[in-house]
1. Are there any pairs, at least 6 apart or on different chains, whose C-beta atoms fall under 6 Å, with the first in segment 342-354 and assigned by the TED database to the domain that holds residue 314 and the second surrounded by fewer than 17 Cβ atoms within 10 Å (Cβ to Cβ) and not aromatic (Phe, Trp, Tyr), and if so, which?
2. Taking the options 330, 376, 384, 335, name whichever one is over 24 Å from the mean Cα position of the chain (by Cα) and not aromatic (Phe, Trp, Tyr).
3. Quick one: what pairs do we get from segment 261-278, first residue more than 12 Å from residue 175 (Cα to Cα), second of a type in the set (Asp, Glu) and at pLDDT 80 or above, C-beta under 6 Å, 6+ apart or different chains?
4. Could you give me the residue pairs with C-beta distances under 6 Å whose first residue belongs to segment 368-387 and is closer than 19 Å to residue 306 by Cα and in contact (Cβ under 8 Å) with a residue 40 or more places away in the chain, whose second residue is open to solvent by 10 Å² or more (accessible area, probe 1.4 Å) and β-branched (Val, Ile, Thr) wherever it lies, and which are 6+ apart or on separate chains?
5. I'm told residue 314 meets every condition in (1) touching a Phe, Trp or Tyr at 6+ places or on another chain (Cβ under 7 Å); (2) open to solvent by less than 70 Å² (accessible area, probe 1.4 Å) except one. Can you identify the failing condition by its number?
6. In segment 242-301, what count of residues is obtained for those that are of a type outside the set (A, V, I, L, M) and closer than 20 Å to residue 213 by Cβ?
7. Could you identify the single residue in 256, 281 that is out of contact with any strand residue (DSSP E or B) (no Cβ under 9 Å at 6 or more places or on another chain), under 23 Å from residue 174 (Cα atoms) and not basic (Lys, Arg)?
8. Can residue 44 be described as of a type outside the set (D, E, K, R) and under 27 Å from residue 140 (Cβ atoms)?
Amino acid sequence: MKLVNKHVEKDGSGYVTLRPEDDEDMWHVYNLISEGDHVRAMAVRRVQTVSSTGSSDSFRVKTNLTLEVTKTTFSSAASSSSASSSNQDKKIEPTASLQISGKVIEENEFVKLGAYHTLDLEANRDFRLTKVTGWDSVALERIQESTAEGRGAEIGAIVCGEGTAAICLLSEHMTTVRQRIDTSIPRKRKGGTSGHDKAMENFLSTVYQAILRLIPFQDLKAIVIASPGFTKDTLYDYIFQQANLNNNKPLIQSRSKWIKVHSNTSHVHGLVEALRAPEISKMLQGAKFAKEGLGLDKFHKMLATDELRAWYGPEHVALAVDRGAVGTLLISDDLFRSSDPIKRNHYVEMVESVRSKGGEVLIFSSMHESGQQLNLITGIAAILTYPLDIEIVEMEEKEEKERIENEKNGINLDDNDNDEE
């Protein structure tokens, strides 16, 4: 994403002007814009005029509008199985869309103050964002991440089974399913396997052509083929057999990047397991989504072996943060999209508190499978530096609240006694 202009004061006031360039940028924008923020962008508005004779006419005009946001909607579409393009055409066109609905807060000659409008934010079009409640550390960190040079897809993945495949690209914040392929494969029968073999050949050819169209293998760090059974081996052999037959030198030269790994499922969520494979973890050392997967795996192992050091749920994790006991905080970006600024600020303060005490914070993208798995357990979890019994902590909290309440009541009683005298 292009940072066109930035004017943010030390107190958090100010604005930024951004230019999203791809689907991941649109996802960043969706996470940046909250209810109540002000967004200014180009809009197309239908204007109606009435002449002196009473006849009316309508036409569309382009105008800049500033909205106070009431709703944001993000959607992303995968490529269809019938897509076709040159094998050399590796450019990935943006498919995500983002609609911003709200009330107009700056009047112009075409639109009255207080009118409602929906902006369609598009790739390669500038917009200005002002956060009314101020720019917090999490929002500024996302700006920094999304505008860093060299950011983009790092991993290609084909999660497959016999007759089914999902062609995916993984970047720091998104898993994009570029194409899903489903082909009916008849079972092998006694006395002949021609039907099965022919269907399998068609399936492998379809997947191979999709890979040539959609996987920029020359630019990626690794390409993973994952499956429950032997489909990954069959597909891998087929890809490089065809590459040799067609003298596809770029594909042949990328062979060292291709890794076959086992997964328990042929569905996309099998990627979480596949990316934990040691050979892939080593290649992706330092990548954000790799850290997320390893962090979630570590939490689940801790939950199974030492549950007093694995807490989850907003209230319980907040108690652990207050005690300075959190070594690693796992938190979903879903929680920062809360329409309640108080609730959002609460999570921002938790992140800042853990970091200030030397803890690690992993902000999971809900567009990755690992983020979706974290959302299944409330979207927030923590690995503690030392064991804490939640029941004892809750009892201590209850006793502390009662003590404070009693002290207040005691002060009130003393005040009443003084008034009577």
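1. From segment 342-354, the pairs are 344/338; 352/137.
2. After applying the criteria, what remains is 384.
3. As it stands, the answer is 276/297, since those pairs meet every condition given.
4. Matching pairs, first to second residue: 382/326; 383/328.
5. Status for residue 314: all satisfied but (1).
6. The total comes to 12.
7. It is 281.
8. No, not satisfied.
The values are calculated or read from the model by the stated rules, or taken from the named source; none is laboratory data. These numbers were taken from a predicted model, which means no experiment stands behind them. Backbone-built Cβ (ideal geometry, glycine too); neighbour counts: all protein chains shown. We work out accessible area using only protein heavy atoms, side chains counted, and drop any ligands, DNA or RNA first. Shrake-Rupley method; radii C 1.70, N 1.55, O 1.52, S 1.80 Å.
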